[in-house]
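Worksheet: one structure, shown below.
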Amino acid sequence: MGFQTEFNSVCKFKSEQELYELLEYGRGKMVKHGFRVFPTGQKVIAYSPGNQAIAIVKIVASIAEINFQGEEVTQVEMELVRKLTEEEARIQTALAEEMFFGEAGRA
């Protein structure tokens, strides 16, 4: 058991449904496996499951717990600040590919 720290400017969705709810309603949550620490109160870039930069969100809560199935999970609640423009999304996506996502795929 231990906490994994998330990089302070990246919030990557694994579920299209969770991302849709955030964009549709302005608030949403995602569930991550394992105990993680998210930067509550900070604004971060949200990425789609396909590693595309989508929006700026504010992390409002990060709750680590053991669920009813006995799994360690972290629920992250967030508010939509705004969607990125096409140019912002293109640049952020390219930077994230080089800095975060690309290395994982090559390792």
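For the chain, the longest principal axis of the alpha carbon atoms and the long axis of helix 86-96 meet at an angle near 60°.
Assuming R0 = 35 Å, can you tell me the calculated FRET efficiency for the pair residue 66 and residue 24, based on Cβ-Cβ distance, to the nearest 0.05?
According to the calculation, E is roughly 0.70.
Measuring nothing but alpha carbons in the chain and taking Rh as the Kirkwood radius, the Rg to Rh ratio lands at 0.97. GNM on the chain, alpha-carbon springs under 10 angstrom: the most fluctuating residue among 27, 82, 36 is 82. For residue 58, the aspartates and glutamates whose Cα falls under 17 Å of its own Cα, not counting residues fewer than eight places away in the same chain, are 6, 18, 21, 24, 77, 79.
What a 1.4 Å probe finds exposed on segment 24-107 is 51% carbon and sulfur by accessible area, rounded to a whole percent.
Taking amide hydrogens as placed 1.01 Å from N in the peptide plane, the amide H of residue 34 sits under 5 Å from those of 72, 73, 74, each at least 5 positions away in sequence or on another chain. A 1.4 Å probe run over segment 38-107, with the rest of the protein chains in place, finds 59 Å² accessible per residue.
Note on exposure: 59, 91, 45, 66 ranked by accessible area (1.4 Å probe, complete protein assembly) read 66, 91, 45, 59, with the most exposed listed first.
Scanning residues 5 or more positions from residue 27 or on other chains, those with amide H under 5 Å from its amide H are 80, with H placed 1.01 Å from N in the peptide plane.
The values are calculated or read from the model by the stated rules, or taken from the named source; none is laboratory data. Remember, predicted model here, so these are calculated numbers, not experimental data. All Cβ positions, even for glycine, are placed from backbone atoms using ideal geometry, and neighbour counts span all protein chains on display. Side chains included, ligands, DNA and RNA excluded: accessible areas come from the protein's heavy atoms. Shrake-Rupley method; radii C 1.70, N 1.55, O 1.52, S 1.80 Å.
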